[in-house]
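Novice: Mind having a look at this structure? Questions to follow.
FYI, it's all coordinate maths here, none of it is from the lab. Note that this is a predicted model, so its numbers are computed, not measured. Cβ coordinates were reconstructed from backbone atoms using ideal geometry, including for glycine residues, and neighbour counts include every protein chain displayed.
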Amino acid sequence: MIEKLFRLKDRHSSVRTELVAGLTTYLTMAYIIFVNPSILEGAGMPKEALIAVTCLISALSTMLMGLAANVPIALAPGLGMNAFFTYTIVITYGVSWQAALGIVFWAGLTFLLLSLVGAREKIIHAIPRSIISAISVGIGLFLLFIGLQNMGVIVDHPNTLVMLGAFEPPVLIGVGVLFVTILLLIKKVKGAILIGIIFGTLLASAFGMIAAPQGIFTAHINIEPVALKLDIWGALRWNLLGSIFALLYIDMFDTLGTLMACSREAGLIQKDGKIRHISRMLSIDAIATILSSLIGTSPTTAYIESATGIAEGGKTGLTAVVTGLLFLVSLIFIPLISIVPAYATAPALIIVGILMVSQIKEINFEQYEEAIPAIFTIILMPLSFSISTGMACGFLSWGILKMMLLQFHKISLTMYIIMGLSLLSLIL
């Protein structure tokens, strides 16, 4: 049955190898169970329901990817997109979290339609490579900034906007967790980020800084406070089109970059250079985003941490199914997970932000007409506290420079449309 479903022999793998690979992937990305609720809680959503939803959507979408596409790729709510959901759409724009879920729905539906009609390739090819890299770097800086804020290292100041915070016990624990996690990453310890979060929570508990959990296990799983609470029609406002557009692009490029990187490692690149089942994988990712909005969380995307399971030999969808089942088992630990403080999860944001910033090496800084729009994209995301603003300014500055240089032939019709939508989003 397993052989027929996943074709293990054809991929030169075994059940044991796939089980180990699935466990490895789970350990390296399980931190999202703690971090996603911590971020979305800032939008006014109930934390316990968010923990359950995070486990549930990660399990369902990852198993769907494994069963429908037979690839060792895991999915979960994306870091960067959850920050955009909370800090840009809800806090900065003043949109209710219900309408924000509606935005997620429309972004996912648009992504799915683009995937089905084959238009996504045109959009992907239209965006300059430098801007694509800059989007990753900018989101990385944004996550770094949010992580430092959640940890208490950076606080607001009426004159200078930000300043160094006082080194009180929560801050000291957060800094300690950060460096322990960095050390574990340097030593290539599997599950380094998850270990860091657990270490920080244990420290906080030892010093009496958090309340003891009501229990360790639970059979009562309630997602009713957030499930099916999306406001689909409330999200269809002119001033929110920019948010739908931005969320669509973040999801699309984040997913594509991850799938390209992991597919190469998993041996899914065909002789013609194309990725096997890429259309199916992108469609599944889009379906997962729609499901996210219905269940009650920010968009779900493919995780680069899948590469750790692939490195352990995972080559089929059985790896993803094992990872998904482990996320499902995590549901019973909600009381334990709910006591994890923000300053224990903040180092995870910082670490992921640092990893994303490493994409800056892909930008050619000797070519000013490419580098300057990339810099605008990067710096305006954290400074405007808005991912979409950084993207819009990057697209527009790139196009303006090309037109000033009379290089109209380098701007595709698709890019003109993107620039027009970017300008519209800034005006609105």
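Novice: Along Cα→Cβ, 7 Å out, is where each label goes; now give me the distance between the ones at A68 and F167 in nm to one decimal.
Specialist: My value for the distance between the label points is 5.1 nm.
Novice: Once you charge only the Cβ atoms, +1 for Lys and Arg and -1 for Asp and Glu, what is the size of the charge dipole of the chain about its Cα centre, to the nearest 20 debye?
Specialist: It works out to roughly 1000 debye.
Novice: Continuing with the same structure: Tell me the relative contact order for the chain as a rounded percent, counting alpha carbon contacts under 8 Å between residues six or more apart.
Specialist: Over the chain, the number comes to 36 percent.
Novice: Given H placed 1.01 Å from N in the peptide plane, which residues other than close sequence neighbours of I154 have an amide H under 5 Å from its amide H?
Specialist: Q149, G165
Novice: Specify which residue in the list G42, I427, C55 is farthest towards the positive end of the charge dipole of the chain, using unit charges on the beta carbon of Lys, Arg (+1) and Asp, Glu (-1), about the Cα centre.
Specialist: Positive-most Cα among the choices belongs to C55.
Novice: To continue, here is another question. From the phi angles alone, apply the Karplus equation (6.51, -1.76, 1.60; θ = phi - 60°) to segment 7-17 and give each ³J(HN,Hα) in whole Hz, x where the residue is Gly or Pro.
Specialist: 6, 4, 5, 4, 9, 6, 10, 9, 4, 4, 4
Novice: What distance in nm lies between label points placed 7 Å from Cα along the C-beta direction at R7 and K188?
Specialist: My value for the distance between the label points is 3.1 nm.
Novice: Taking the dipole about the Cα centre of segment 126-267, with the C-beta of Lys and Arg at +1 and of Asp and Glu at -1, give me whichever of V153, V180, G200 is farthest to the positive side.
Specialist: V180
Novice: How many angstrom lie between the Cα centre of segment 129-146 and the Cα centre of segment 361-402?
Specialist: 10
Novice: Moving on to the next point. Taking a label point 7 Å from the Cα of A311 along the Cα→Cβ vector, which residues of segment 71-91 have an amide N closer than 19 Å to it?
Specialist: 72-75
Novice: Further question on the same structure: Using only Cα atoms, locate the centre of segment 301-330 and the centre of segment 70-87, then give the distance between them in Å, rounded to an integer.
Specialist: 14
Novice: What nm value, rounded to one decimal, do you get for the distance between Q367 and R280 when each label is placed 7 Å out toward the C-beta?
Specialist: Calculated label separation equals 3.6 nm.
Novice: So, one more: Using helices alone, what [θ] at 222 nm do you get for the chain, with -39,500 (n - 2.57) per DSSP H run of 4 or more residues, divided over all residues and rounded to the nearest 500?
Specialist: Taking each H run of at least 4 residues, the total per residue is -20500 deg cm²/dmol.
Novice: A follow-up question, please. Of (1) 74, 54, 46; (2) 57, 56, 51; (3) 64, 62, 45, which is the value of Cα extents along the principal axes in Å derived from the coordinates here?
Specialist: Derived directly from the coordinates: (3).
Novice: In what sequence, highest mean first, do 377-387, 160-170, 197-207 appear when ranked by Cβ atoms within 10 angstrom?
Specialist: 377-387, 197-207, 160-170
Novice: Considering only I250, I339, I89, give the residue with the highest GNM mean-square fluctuation for the chain, with springs between Cα atoms whenever their separation is below 10 Å.
Specialist: Among I250, I339, I89, the largest GNM mean-square fluctuation belongs to I339.
Novice: Can I ask one more? Dipole of the chain (Lys/Arg Cβ +1, Asp/Glu Cβ -1, origin at the Cα centre): which of I363, T258, P77 lies farthest to the positive side?
Specialist: After comparing all options, I get T258.
Novice: Magnitude of the Cβ-charge dipole of segment 238-384, K/R +1 and D/E -1, about the Cα centre, nearest 20 debye?
Specialist: 460
Novice: With a cap of 15 neighbouring Cβ atoms within 10 Å, and only residues DSSP puts in a loop, list the chymotrypsin sites (Phe, Trp or Tyr not before Pro) found in segment 310-371.
Specialist: Qualifying residues, ordered by number: F365.
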